[in-house]
Each structure stands twice: as C-alpha cells, then as structure tokens.
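Asks: So that we are looking at the same thing, I have put the structure below in structure tokens.
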Amino acid sequence: MGIFSTRIRVSHPSRPSDSRELELVVDTGATLTKLPRDLLAELGVTPTSKKQMVLADSSIITREAGYARIAIDGIADLVPVSFGTRGEPPLLGATTLEILGFVVDPIEQRLVPRPLRDK
C-alpha cells in the first residue's frame, strides 16, 4: 500500500469551533493519531495519561496521550491522541479511523466512510 495523506480538523473536546486544519499521513500501523505537542497545547488539549509505544524499529518509548476532537470530511468525534515531539511528522492512526468509521482504499489512496458494525 502506498503512503498518502488527508486533511483533518482538530480541536479541544469541548471547543469544536476553535479548530485547526492540518495534513496528516495515514498510518494504519500506528495505533493512536500523533499530533504536534505545540498544536495540542495551543488548543488547550492536555495529557491525561502516558502510554508505551512501539516504534517502527521495535524500540519502546513512553508518550503522553490525551483526547481531542478530530473531524474528517465532516465526521467528528473525540479520539485518543499522542503528543508528538518537535520535528516528528503528525500521523493519522488506526484508532481514529475506527472511531470515525473510515477504511483505507489502498488503490485510490483515500479514506472511505463505512457504517460502524453493531454485532
């Protein structure tokens, strides 16, 4: 599957009108969406926990995590996010895709909305 990116809107959970738009690489191998710490602080999003994360090279690090409102193509919800460090690229992770109800179309390199399952 090729690498592609998509535009999202991110905001504080209780202040959706104060949002920022940014481009994120879609990374289904990442569990959480990773956003720049500075951006999250600007929006008033604060860490609520620390999570151990496995990097692509199999090393394990600890990152702060919290909750933000993310919208893709008008579909929005609260999702867990990790706080990235300066210089790291922001990533759209699998949990956000699941919560918002998107699947990856690897041929067209785009996100496709799908109904959530209730089984």
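Asks: Out of the residues in region 60-88 that are touching a residue at least 40 places away in the same chain (Cβ under 8 Å) and among the β-branched types (Val, Ile, Thr), state the one that is nearest to Ser17 (Cα to Cα). Please lay out each step first, then the result.
Replies: The initial filter retains those residues of region 60-88 that are touching a residue at least 40 places away in the same chain (Cβ under 8 Å), namely 67-73, 76, 78-86, 88.
Then drop every residue that is not among the β-branched types (Val, Ile, Thr), which leaves 70, 72, 79, 81, 85.
Details: Ile70: 12, Ile72: 15, Val79: 17, Val81: 19, Thr85: 25 Å.
Top of the filtered list is Ile70.
Asks: Okay, moving on. With closer than 15 Å to Thr28 by Cβ and in a strand (DSSP E or B) as the only criterion, which of Val81, Val112 stands out?
Replies: Sole residue among the options that is closer than 15 Å to Thr28 by Cβ and in a strand (DSSP E or B): Val112.
Asks: Quick check, is Glu23 of a type in the set (Asp, Glu), out of contact with any Gly (no Cβ under 9 Å at 6 or more places or on another chain) and under 15 Å from Arg86 (Cα atoms)? I'd like the intermediate steps shown before the answer.
Replies: Working: of a type in the set (Asp, Glu): yes; out of contact with any Gly (no Cβ under 9 Å at 6 or more places or on another chain): yes; under 15 Å from Arg86 (Cα atoms): no.
For Glu23, the condition - of a type in the set (Asp, Glu), out of contact with any Gly (no Cβ under 9 Å at 6 or more places or on another chain) and under 15 Å from Arg86 (Cα atoms) - is not met.
Asks: Further, regarding this structure: Which residues, counting only those in region 12-22, are touching a residue at least 40 places away in the same chain (Cβ under 8 Å) and either assigned to a loop (DSSP other than H, G, I, E, B) or farther than 18 Å from Leu91 by Cβ (or both)? Walk me through it before giving the result.
Replies: Let us first name the residues in region 12-22 that are touching a residue at least 40 places away in the same chain (Cβ under 8 Å), namely 12-13, 16, 19, 22.
Hits for region 12-22 are His12, Pro13, Pro16, Ser19.
Asks: For region 30-50, does any single residue satisfy the condition of being over 24 Å from Phe102 (Cα atoms), assigned to a loop (DSSP other than H, G, I, E, B) and free of Cβ contacts under 8 Å to residues at least 24 places away in the same chain?
Replies: Checked against the condition, which is being over 24 Å from Phe102 (Cα atoms), assigned to a loop (DSSP other than H, G, I, E, B) and free of Cβ contacts under 8 Å to residues at least 24 places away in the same chain, region 30-50 yields at least one hit.
Quick grid of which residues meet (1) touching a His at 6+ places or on another chain (Cβ under 9 Å); (2) in a strand (DSSP E or B):
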site	(1), (2)
Leu24	no, yes
Met53	no, yes
Arg69	yes, yes
Gly87	no, no
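Asks: Further question: From the list Leu91, Leu97, pick out the single residue that is crowded, with 16+ Cβ neighbours inside 10 Å, in contact (Cβ under 8 Å) with a residue 12 or more places away in the chain and in contact with a Lys or Arg (Cβ under 7 Å, 6 or more places away or on another chain).
Replies: Values: Leu97 fails: in contact with a Lys or Arg (Cβ under 7 Å, 6 or more places away or on another chain).
Step by step, each of Leu91, Leu97 is checked, and only Leu91 is crowded, with 16+ Cβ neighbours inside 10 Å, in contact (Cβ under 8 Å) with a residue 12 or more places away in the chain and in contact with a Lys or Arg (Cβ under 7 Å, 6 or more places away or on another chain).
Asks: May I pose another question? Filter region 27-44 for residues that are out of contact with any Lys or Arg (no Cβ under 9 Å at 6 or more places or on another chain) and buried (at least 18 other Cβ atoms within 10 Å of the Cβ); which is modelled with the lowest pLDDT? Don't jump to the end; show me each part of the working.
Replies: The first filter runs over region 27-44 and keeps only residues out of contact with any Lys or Arg (no Cβ under 9 Å at 6 or more places or on another chain), leaving 28-30, 33, 35, 40-41.
With buried (at least 18 other Cβ atoms within 10 Å of the Cβ) added as a condition, the list becomes 30, 33, 35, 40.
Details: Ala30: 94, Thr33: 98, Leu35: 98, Leu40: 98.
Among those that are out of contact with any Lys or Arg (no Cβ under 9 Å at 6 or more places or on another chain) and buried (at least 18 other Cβ atoms within 10 Å of the Cβ), it is Ala30.
Asks: Give just the number: which of (1) within 14 Å of Val79 (Cβ to Cβ); (2) out of contact with any Gly (no Cβ under 9 Å at 6 or more places or on another chain); (3) of a type in the set (Lys, Arg) does Lys34 not satisfy?
Replies: In the conditions (1) within 14 Å of Val79 (Cβ to Cβ); (2) out of contact with any Gly (no Cβ under 9 Å at 6 or more places or on another chain); (3) of a type in the set (Lys, Arg), Lys34 misses (2) alone.
Asks: Kindly check whether there is at least one residue in region 105-113 that is over 23 Å from Thr46 (Cα atoms) and of a type in the set (Asp, Glu).
Replies: First pass over region 105-113, keeping only residues over 23 Å from Thr46 (Cα atoms): 105-113.
The next check asks that each one be of a type in the set (Asp, Glu); those that pass are 105, 108.
Within region 105-113, one or more residues are over 23 Å from Thr46 (Cα atoms) and of a type in the set (Asp, Glu).
The values are calculated or read from the model by the stated rules, or taken from the named source; none is laboratory data. The model shown is predicted, which means the values in this text are computed figures rather than measured ones. Don't worry about glycine lacking a Cβ; one is built from the backbone with ideal geometry, like all the others, and counts go over all protein chains shown.
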